[in-house]
Amino acid sequence: MCARLHFVHHKNERRQGPAILPVAPEVVEVLTVLEQASRHLAPQAPTIFFSSNKTAYSSEYWSQIGRAALTVGFTPCTARDMRHEFSTTWRDFVDHVPNSVLQMLGSQVEAAAAYLMGNTPAAWDAVYDDNMRARAKEKVLKLYPKFVECQLARRF
């Protein structure tokens, strides 16, 4: 079994259409059961999640539920916070993976990840990746001994 989720969001719908994400076979089984249950319990609801009066939740409701579920103490976690964390963590992961194939495909992977976030790679860098400068500094510091070695070799 295979499936693809289509995420429709105002941010990217007009210029890119819905984001399409492949789903693992194990998740397809769960979604199939949820869909069958929702069609049985609330046939008029267009989604697998519905209210007690068997109508679909509004997108505003999902934002409120998500924010409440992710609030720790008095500190809420917003959708922007989640996008920011994903973007930064993704970049940290890609920059530290010793897998040369992944590094060779880095720009393609970056573009795909940015697309799934509803951004261009440049916008993704500018808005969400707060560790970009720190990683760049780490790369420069790691390469500095090699740079000095090359400079000394050129002089002599």
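Structure notes:
- Scan of the range 12-30 for residues that are over 14 Å from the mean Cα position of the chain (by Cα), open to solvent by 50 Å² or more (accessible area, probe 1.4 Å) and not polar (S, T, N, Q), ordered by number: E13, R14, R15, P25, E26, V27, E29, V30
- Residues in the range 15-27 that are in a strand (DSSP E or B) and touching a helix residue (DSSP H, G or I) at 6+ places or on another chain (Cβ under 8 Å): A19, L21, V23.
- Enumeration of residues in the range 28-47 that are in a loop (DSSP other than H, G, I, E, B) and closer than 13 Å to L5 by Cα: T47
The values are calculated or read from the model by the stated rules, or taken from the named source; none is laboratory data. This one's a predicted model, so the numbers in the text were calculated from it and none came from an experiment. For neighbour counting, all protein chains shown are included, and Cβ atoms are generated from backbone atoms with ideal geometry for every residue, glycine included. For the accessible areas, the whole protein counts, side chains as well, though only heavy atoms, and no ligand, DNA or RNA atoms are used. Shrake-Rupley method; radii C 1.70, N 1.55, O 1.52, S 1.80 Å.
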